[in-house]
Amino acid sequence: MRIDVVTIFPEYLEPLRHALLGKAIERNILQVGVHNLRSWTHDVHQAVDDSPYGGGPGMVMKPEVWGPALDDVAAGTGPAVEAVDLTSAIPHRMGPPKTPGAAHGGAVNGAGPLILVPTPAGRPFTQDMAQRWSEEERLIFACGRYEGIDERVIEDARKRYRVEEVSIGDYVLIGGEVAVLVIAEAVVRLVPGVLGNQASHQEDSFQDGLLEGPSYTKPRSWRGLDVPEVLFSGNHAKVARWRREQSLRRTLANRPELIENLRQQGGLGADDEDFLKGIQGGPASNEN
Ligand code: SAM
């Protein structure tokens, strides 16, 4: 997978070089290009924003800067050629590259790059989107600042590319960079080969429509708190049922709408319904 990020704060994307994503870069499963939007300005001040038509507070990002920037990054032309890909922060821990990455340039999956525009006015980001986007070969993120990007940039880009506006939550950040870190991390960990144990994300929250229940490790007893006895039973079916119930309990307490969604999709069995009837919706407990 190749990710390109267009931003006025390239250094903000530095965390993408670390941990699991850094490993993915080192193994050539992931390439990350970070592009300074100001490379597409033509004035001495390198202005990327201007006052809004119709008045009002704040500034709006200019279409004459964003339009060529997205086109060049998609095609691998103009100032986009000069951007240096992020290198892994942990190369010494990894072996030589194994899988060749996607080419820096035009369409690599027939459908062309998917342009993602973080904005609080976008569709809420979900695990389903992360899963879908993890199958893309190229993602281009357009990081807004100020009051956001001139609407025509999105309208124009939709004529040539697939574009999705996405929000990471019902709050307003200062810029899109943090949203890119969130989305990129959620997406890249689902790319085959990135997680050491591919099965590990299959039990994560949202994979089965529920939140994951509590997890425990050694020691068996800590500060007077014991790990639930059932986890030592060696009975896989019993452990699986206990985990499911903890998951139902926590979901009912924290995200009851997910229970309702799952019910409507026919995802709750008779055992689940009995369990739900029997609890009050309190937080996940350690009882077994
Ligand atoms: N005027 C915009 C609005 O009310 O919808 C808010 C602009 S915000 C101050 C500046 C930039 O931060 C946005 O263009 C976007 O890139 C990013 N941003 C802010 N909140 C976000 C969120 N919840 N999800 C994704 N991106 C966000």
Could you work out Rg/(2.2 N^0.38 Å) for the stretch 221-281, with Rg from alpha carbons only?
1.29
Using 0.36 nm times the number of residues separating Gln202 and Glu82, minus their current alpha carbon distance, what extension gain do you get?
39.3 nm
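Which helices of the chain meet both criteria: a Cα extent of 20 Å or more along the helical axis and a mean Kyte-Doolittle score no lower than 0.5, with helices taken as whole DSSP H segments?
none
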With each pseudo-label sitting 7 Å past Cα toward Cβ, what's the Glu229-Glu11 distance in nm, one decimal?
5.8
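Can you tell me the FRET efficiency between Leu195 and Ser51 if r is taken as the Cβ-Cβ distance and R0 is 35 Å, rounded to the nearest 0.05?
In this case the efficiency is close to 0.15.
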Within the chain, percent of DSSP bridges classed antiparallel, to nearest 5
20
State the extension gain, in nm to one decimal, for the chain segment bounded by Asn254 and Asp43, taking 0.36 nm per residue of separation less the distance between their alpha-carbons.
70.9 nm
Bins of 5 Å, starting at 0 and running to the largest distance - Cα pair percent for the chain:
1, 5, 10, 13, 14, 13, 11, 10, 9, 6, 4, 3, 1, 0, 0
How high is the relative contact order of the chain, in percent, counting Cα pairs under 8 Å that sit 6 or more residues apart?
18
Treating every alpha carbon of the stretch 181-221 as one equal point scatterer without solvent, the Debye formula yields log10 I(q)/I(0) values at q = 0.24 Å⁻¹ of -0.93
Rh by Kirkwood over Cα pairs, then Stokes-Einstein D for the stretch 130-191 at 1.306 mPa s and 10 °C, µm²/s:
123
Taking the highest mean first, how do the peptides 125-135, 38-48 order by number of other beta carbon atoms within 10 angstrom per residue?
125-135, 38-48
Computed FRET efficiency, Cβ-Cβ of Lys277 and Gln127, R0 25 Å: what is it to the nearest 0.05?
0.35
To the nearest 0.05, what FRET efficiency results for Ile90 and Ser221 with a Förster distance of 25 Å applied to their C-beta separation?
0.10
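A short reminder: the numbers here are calculations on the coordinates, not readings from a lab. Note that the structure is predicted; figures quoted are calculated from it, not measured. Backbone-built Cβ (ideal geometry, glycine too); neighbour counts: all protein chains shown.
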